[in-house]
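**Q** The structure under discussion is supplied below as structure tokens; questions concerning it will follow.
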Amino acid sequence: MGRKRNFDEFMRSMKSLLENGEHSDFKITCRGKTWNVHKPILCSQSAYFEAVVRFGGMETSTGVLDLPEEDPEILGYMIQFLYNSDYELPSDKDSGPWWVRPDWRKARKSDMLMWCTGLQLDEPEVKRHIDNLCWIFSPRFMTQLMEAHPRLKEVPRSKVSTVDGATFQPVLDLLTKLFSANKNDIYILDYPPAANSHNAWIHAHLYAIADRYDLPTLKETAAGRFEKSLKSMFSGIEFHEAVGVAFTTTPDTDTTLRQMVAKHIYEEKSIYGWYSQLDACMGEVPGLAHHVCKYEWSLMKGRKMGGKPALQDE
Amino acid sequence: MIAGRGRQRIRPPRRGLHGDEVDFENTWVTIEAAFREIHTKNASRLSYEELYRHAYRIVLKKKGEQLYKNVHDFEKGWLSREVRGDIQQLLSPNLLAHAQSVASTTANERRVSGEKFLKGLKQAWGDHQVCMSMLADVLMYMDRVYCQDHRRPSIYTTAMVLFRDEILKSPLSATEERIILGLLNHVILEQIQMERDGDVIDKHLIKSCVHMLDGLHADDLESEDQRLYHVSFEKEYLDTSRDFYRAESELMLRESDAGAYCKRAKKRIHEEEDRCRATLMESTSSKIREVVEAELIQGRIRELVEMDSGVHFMIDNDRLEELNLIYDLNARVDERKSEVTRSIQKRIMELGTEINNEALAASQAPAPAPPLNTDGGDKSKQAQEKNVNLQTVAAIKWVEDVLGLKDKFDRIWRQSFESDSLLDTAMFNSFRDFINSTAFPRSSENISLFIDENMKKGIKGKTEMEIDQVLDKAITLIKYVQDKDLFERYYKKHLCRRLIMNKSVSNEVEKQMIEKMKQELGPSFTSKLDAMFKDMSISADLTSGYKRHVEGLGDRDPKRIDLSISVLTKMTWPMESINGSGESQEGNRPKCNFPPAVEKVRRGFEQYYAEKHSGRELTWLPNMGTADIKAVFPKVPQKDGTFKERRHELNVSTYAMVVLLLFNELPADECLTFEEIQAQTNIPKNDLVRNLQSLAVAPRTRVLLKEPMSKEVKPTDKFYFNEGFKGNFVKIKVGVVSSGNKVESDQQRKETEKKNDDERNFVIEAAVVRIMKQRKELPHQKLVLETISQLASQFKPEVTMIKKRIESLIEREYLERIEGAAVDSYRYLA
């Protein structure tokens, strides 16, 4: 345990180096934000920073590296990673699921019938309606949802909680109530998104920035977290945006994020037609359809060969 | 209500997914301008980040290939326009000219213009490297993404290849066919030649250029063996060096002596090693060494060793340092060092043979001695005695000369030959060869005599360490002797006399010697010698035991004779030397008549001994004994006028004692003739003559008077008691002529060798029987070989001798021939 304590202490002191900028010998600026950083910490992790220092250009004479084209939020996470070997998004501290949806496979006929009559819709319509309700409201009213349905509290954070029909009833009741109460401003696309639904976008950008500044470990970390956040994301404008980032900010040869997206879409293809955003994605994001097809083909090939799906390009 | 679950945020405007295309041409203009700044050393005003981002974006937007090509073309243009011109300006006319004709310029001019060229090239190379690493930093994303994905060499590598093609492989000028690289090699080689001629050159400068050649490759794959340094420079370097050293070795062989040659060669080898370290590449070290060694040593070593000032000269003049040099050179090209070895062996044989011949000459020089058995007169006998002494001296001188030679070569071996084990063996063999040379059969005897001399006199007053050194020297020589059995025979003979006559300075040292022999030659060699010592110590016990026995018999008799006895085991002791000069065989030796008093003691002891050891027969050897007798001479006037009786204690041989006691019975003025004495005592004639010579001829111990007074003793001579005898000391030792250990006469040697051969016959037969008993059947050849190897530690038997023994064993039906065997074979008959 001593070693763990030592390590924690070390990480704390690294963190404070960045926070109070002590012994700083270099500055990074971005759109009015400034970080007081340390060359040894930067250069030891990235060939890019080494080159900045070695080149002896303006950055050396001024001691400032200005990165006006970066997003300060993303850059901030990157610098945090350089000092902490990880980055923390605001929503990482939250607990409990951030989204709830019914598990349609477990929904009973009787519940279905009940919802259909209640909403006066046929079965597919009901599914789409409820999914939409969940997508829009559940992240935003999770506190109330958890009070109404205490079992949700046991679900770890950043997870989608799928609940079976019977248990979903109280949730649905609440959602319906909220839906009627907010009916006036529910035009889905205009509604401000939940913080969490934005995470995939951030991870994708971090992946790109890591590629740009040659930080392989950050790339690996960001990719892992991107994949997780995809799973908790269903569709919507945030999904569209995150996919856009994943497919345009790295060279074509870098397929890590691209394959993750393709796999996710393929696995959710049963609801493809319901979401205009998803459809728009397939049309607009270059190479997305190509990767999805490729993924499907790799599955078929895998099945034929009697092995597991081959995700890598051959 | 909503707060707390992530903040609401306003995102920057998204860029369109397809938009944000780069304007390649404009961006490239920016990048190219920056590259020019870098090349003109103005980089400090540039923003690295900006350039990096430009290149990054181009690559991200899939324009990497175009960027790569543009950079390549830019760099090519820069090198061929800017840099090549600078280099060409460095080429002064004499630099270009001297490549063909050296005569027109002085060495110094060439050195200066060469250095100028090297400096310029080094500068251009250095600048190119610096600039290219800066460009490579800017283009880092291109290297990492575009070059890796498309398997292109990094931009830095490409730029290095460009330097090779655009600069090194470019012609010297528009009208020249020769290229810069050729000139570079030439200039470096010329500078090195200047250094070999004693000039001082800028090693660091050359090393920089060499590094450049080592960093570039002749091919585009950067394979290890295609470095320009190896492919272009090194080959030429080795070739020119080969020519240079070939010429130099010819010149040196003509003009200097071997020692100077060796020094020079070694210096050259070191110089080349240093050169590789300081000026060229370490990897050339072994190759150039091979070249230098091949030219300066390989083809020359024989000539060098055999020069008038070669190894022979160095040995004779103790040129240890030069010997070390020539050894070192030889060892470099031949791990067996055969040339030096051969020459050393030859010299040892020559010097050894010289020593042998000197010893032979010295022992034969004074008048050719007549053979002993011709009954020569007294004169020739005296001459012979003298001759024998001279031979002894010669023998000891031989040993000392051999030891001196050994010391000399040991010193050379240690100081010059780095204690090389191969040379040790070679030198050992050469020493062994001349020591055992058939032309010089006296080695064993000489070595034994040398030990004898030291045991009797040499070690007196020496410290333990010095004595140890003497013993070690003796052992060293014994190790060379092949016929160990012959040596043992001589050693026994000499040891026997030392022990019985009590001639050794120290019994301890004798035992140490035996101990050393045991260590070197094995316990079987010393077993008989050990037994001799044992006899001596048993005898001491017997003497004291007998003394106590006599004392126990009754009152002390004032006239009693004290007996000190040595009882020798017949098989252990060399009887031939005990019986004296081989003139009479044991058994028919006449028994000496002891005077009654002595006879009584003899009987008494025999009785005492028989009680202790029944069944043993004692044979008395009066020729080996000594006696202390008290003699009283009549009063004679002293200087102060008084008269005084004179008492002397005479130490004489047993025979002399017997003779002297005869005169006790005789009235003062009467005499005895030689014949009378012989008749009364029954002492063998030879012994009697010698003893009477000591008593009546030797001036200091003339206890008897002889008539007529002459040196020789004739049967009719008369002897009187010398009442007027004057001695300066109370104790007087009457020596017997020829009692010491001396070199053998030729006849004695023949006898010794014959006896040795006889014994060898037994030893060989025993070995043959032992082998056959174990093997039952064996071909002739194998049997002979095994016999030789079994006996190697004792002597080297001749094959004919073995054959004869086998014949004899067949006759006596120990062995039989196997009929019809493919090769001659024998079978053992139980």
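**Q** From the list B:ILE771, B:ILE788, pick out the single residue that is touching a Pro at 6+ places or on another chain (Cβ under 7 Å), part of a helix (DSSP H, G or I), hydrophobic (A, V, I, L, M, F, W, C) and free of Cβ contacts under 8 Å to residues at least 40 places away in the same chain.
**A** Residue meeting the stated conditions: B:ILE788.
**Q** Moving to a separate point now. Checking the condition in contact with an Asp or Glu (Cβ under 7 Å, 6 or more places away or on another chain) and in a helix (DSSP H, G or I), which residue from B:ARG53, B:ARG36, B:ARG57 passes? Steps first, please.
**A** On the way: B:ARG36 fails: in contact with an Asp or Glu (Cβ under 7 Å, 6 or more places away or on another chain); B:ARG57 fails: in contact with an Asp or Glu (Cβ under 7 Å, 6 or more places away or on another chain).
Only one candidate qualifies: B:ARG53.
**Q** A follow-up question, please. How many residues does segment B:39-50 hold that are outside any helix (DSSP H, G or I) and within 13 Å of chain A (Cβ to nearest Cβ)?
**A** Count: 4.
**Q** Would you say B:LEU280 is closer than 30 Å to B:PHE163 by Cβ, open to solvent by less than 20 Å² (accessible area, probe 1.4 Å) and touching a residue at least 12 places away in the same chain (Cβ under 8 Å)?
**A** Yes; evaluated as a whole, the condition is true for this residue.
**Q** Can you pull out the residues in segment B:613-653 that are of a type in the set (S, T, N, Q), at pLDDT 80 or above and under 17 Å from B:PHE594 (Cα atoms)?
**A** Hits for segment B:613-653 are B:THR619, B:THR626, B:SER653.
**Q** Here is a follow-up. Return the residues of segment B:295-348 that are under 21 Å from B:ARG432 (Cα atoms) and open to solvent by 70 Å² or more (accessible area, probe 1.4 Å); say none if nothing qualifies.
**A** Residues satisfying the conditions are B:HIS312, B:ARG336, B:ARG342, B:LYS346.
**Q** Return the residues of segment B:158-172 that are open to solvent by 20 Å² or more (accessible area, probe 1.4 Å) and farther than 16 Å from B:TRP78 by Cα; say none if nothing qualifies.
**A** Across segment B:158-172, the qualifying residue is only B:PRO171.
**Q** Can you report the number of residues in segment B:231-247 which are of a type outside the set (S, T, N, Q) and either free of Cβ contacts under 8 Å to residues at least 40 places away in the same chain or open to solvent by less than 20 Å² (accessible area, probe 1.4 Å) (or both)?
**A** Of the residues in segment B:231-247, the ones of a type outside the set (S, T, N, Q) are B:231, B:233-239, B:242-247.
Of the ones still in play, those that are also either free of Cβ contacts under 8 Å to residues at least 40 places away in the same chain or open to solvent by less than 20 Å² (accessible area, probe 1.4 Å) (or both) are B:231, B:233-235, B:237, B:239, B:243, B:245, B:247.
Qualifying residue count, segment B:231-247: 9.
**Q** Regarding B:LEU423, is this residue among the aliphatic types (A, V, I, L, M) and touching a Lys or Arg at 6+ places or on another chain (Cβ under 9 Å)?
**A** So B:LEU423 fits the description; yes.
**Q** I would also like to ask the following. Considering each of B:LYS803, B:LYS776 in turn, give the residue that is open to solvent by 20 Å² or more (accessible area, probe 1.4 Å) and closer than 24 Å to B:ASN436 by Cβ.
**A** Values: B:LYS776 fails: closer than 24 Å to B:ASN436 by Cβ.
Checking each option against the conditions leaves just B:LYS803.
**Q** Here is a further query. Count, please, the residues in segment A:76-93 that happen to be at the interface with another protein chain (Cβ under 9 Å from one of its Cβ atoms), of a type outside the set (A, V, I, L, M) and open to solvent by less than 30 Å² (accessible area, probe 1.4 Å).
**A** Residues meeting the conditions: 1.
**Q** I would also like to ask the following. Mind checking whether some residue in segment B:164-180 is over 28 Å from B:ARG151 (Cβ atoms), in a helix (DSSP H, G or I) and not polar (S, T, N, Q)?
**A** Looking through segment B:164-180, at least one residue is over 28 Å from B:ARG151 (Cβ atoms), in a helix (DSSP H, G or I) and not polar (S, T, N, Q).
**Q** Are any residues in segment B:666-690 crowded, with 19+ Cβ neighbours inside 10 Å and of a type outside the set (Lys, Arg), and if so, which ones?
**A** Scanning segment B:666-690 gives B:LEU672, B:PHE674, B:ILE677, B:GLN678, B:THR681, B:ILE683, B:PRO684, B:ASP687, B:LEU688, B:VAL689.
**Q** Given the condition within 14 Å of chain A (Cβ to nearest Cβ) and exposed (fewer than 15 other Cβ atoms within 10 Å of the Cβ), answer yes or no: does some residue in segment B:103-114 qualify?
**A** no
**Q** Follow-up. In this structure, does B:GLU816 turn out to be touching a helix residue (DSSP H, G or I) at 6+ places or on another chain (Cβ under 8 Å) and assigned to a strand (DSSP E or B)?
**A** Yes; evaluated as a whole, the condition is true for this residue.
**Q** Would you confirm, using the coordinates I've provided, whether A:SER235 is away from chain B (no Cβ under 13 Å) and modelled with pLDDT under 90?
**A** yes
**Q** Pick from segment A:238-291 the residues that are more than 14 Å from every other protein chain (Cβ to nearest Cβ) and outside any helix (DSSP H, G or I): which of them is modelled with the lowest pLDDT?
**A** The qualifying residue modelled with the lowest pLDDT is A:TYR275.
**Q** May I pose another question? With the condition kept exactly as written, say whether any residue in segment B:133-140 is free of Cβ contacts under 8 Å to residues at least 40 places away in the same chain, in a helix (DSSP H, G or I) and closer than 26 Å to B:ASN42 by Cβ.
**A** First, pick out the residues of segment B:133-140 that are free of Cβ contacts under 8 Å to residues at least 40 places away in the same chain: B:133, B:136.
Imposing the further condition that a residue be in a helix (DSSP H, G or I) reduces the set to B:133, B:136.
Going one step further and asking which of them are closer than 26 Å to B:ASN42 by Cβ, we end up with B:133, B:136.
Yes, some residue in segment B:133-140 is free of Cβ contacts under 8 Å to residues at least 40 places away in the same chain, in a helix (DSSP H, G or I) and closer than 26 Å to B:ASN42 by Cβ.
**Q** List every residue pair whose Cβ atoms lie under 7 Å apart, where the two residues are 6 or more positions apart in sequence or sit on different chains, the first residue falls within segment B:811-826 and is open to solvent by 90 Å² or more (accessible area, probe 1.4 Å), and the second residue, located anywhere, is assigned to a strand (DSSP E or B).
**A** Close Cβ pairs (under 7 Å, with a partner that is assigned to a strand (DSSP E or B)) amount to B:ARG817/B:TYR826; B:ASP824/B:PRO779.
**Q** Can you confirm whether segment A:62-74 contains a residue that is without any contact (Cβ under 8 Å) to a residue 24 or more places away in the chain and over 24 Å from the mean Cα position of the chain (by Cα)?
**A** Yes, some residue in segment A:62-74 is without any contact (Cβ under 8 Å) to a residue 24 or more places away in the chain and over 24 Å from the mean Cα position of the chain (by Cα).
**Q** All but one of (1) in contact with a strand residue (DSSP E or B) (Cβ under 8 Å, 6 or more places away or on another chain); (2) part of a loop (DSSP other than H, G, I, E, B) hold for B:TYR720, so report the exception by its number.
**A** Evaluating B:TYR720 over (1) in contact with a strand residue (DSSP E or B) (Cβ under 8 Å, 6 or more places away or on another chain); (2) part of a loop (DSSP other than H, G, I, E, B) leaves (2) as the failure.
**Q** Can you tell me which residues in segment A:54-75 are at the interface with chain B (Cβ under 10 Å from one of its Cβ atoms) and in contact with an Asp or Glu (Cβ under 8 Å, 6 or more places away or on another chain)?
**A** Hits for segment A:54-75 are A:ARG54, A:PHE55, A:GLU59, A:LEU65, A:ASP66, A:LEU67.
**Q** Could you look through segment B:126-141, keep only residues that are more than 11 Å from every other protein chain (Cβ to nearest Cβ) and open to solvent by less than 20 Å² (accessible area, probe 1.4 Å), and pick out the one that is farthest from B:LYS63 (Cα to Cα)?
**A** B:HIS128
**Q** Ok, one more. Is it the case, given these coordinates, that B:PHE487 is crowded, with 20+ Cβ neighbours inside 10 Å, part of a helix (DSSP H, G or I) and in contact (Cβ under 8 Å) with a residue 12 or more places away in the chain?
**A** yes
**Q** Could you tell me how many of the residues in segment B:142-163 are in a helix (DSSP H, G or I) and within 14 Å of chain A (Cβ to nearest Cβ)?
**A** Within segment B:142-163, residues that are in a helix (DSSP H, G or I) and within 14 Å of chain A (Cβ to nearest Cβ) number 10.
**Q** If you scan segment B:258-267, which residues turn out to be without any contact (Cβ under 8 Å) to a residue 60 or more places away in the chain and either crowded, with 16+ Cβ neighbours inside 10 Å or touching a helix residue (DSSP H, G or I) at 6+ places or on another chain (Cβ under 8 Å) (or both)?
**A** Matches in segment B:258-267: B:ALA260, B:TYR261, B:ARG264.
**Q** Taking the stated definitions as given, is B:VAL71 in contact (Cβ under 8 Å) with a residue 40 or more places away in the chain, within 10 Å of chain A (Cβ to nearest Cβ) and either of a type outside the set (Val, Ile, Thr) or crowded, with 21+ Cβ neighbours inside 10 Å (or both)?
**A** The answer is no for B:VAL71.
**Q** Kindly indicate whether B:ARG36 is surrounded by 10 or more Cβ atoms within 10 Å (Cβ to Cβ) and either at pLDDT below 50 or within 13 Å of another protein chain (Cβ to nearest Cβ) (or both).
**A** No; evaluated as a whole, the condition is false for this residue.
The values are calculated or read from the model by the stated rules, or taken from the named source; none is laboratory data. In this text, all values refer to a predicted model and were calculated from it rather than measured experimentally. Every residue, glycine as well, gets a Cβ built from its backbone with ideal geometry; the counts of neighbours run over all protein chains shown. Each accessible area value is taken on the protein alone, full model and side chains, heavy atoms only, with ligands, DNA and RNA left out. Shrake-Rupley method; radii C 1.70, N 1.55, O 1.52, S 1.80 Å.
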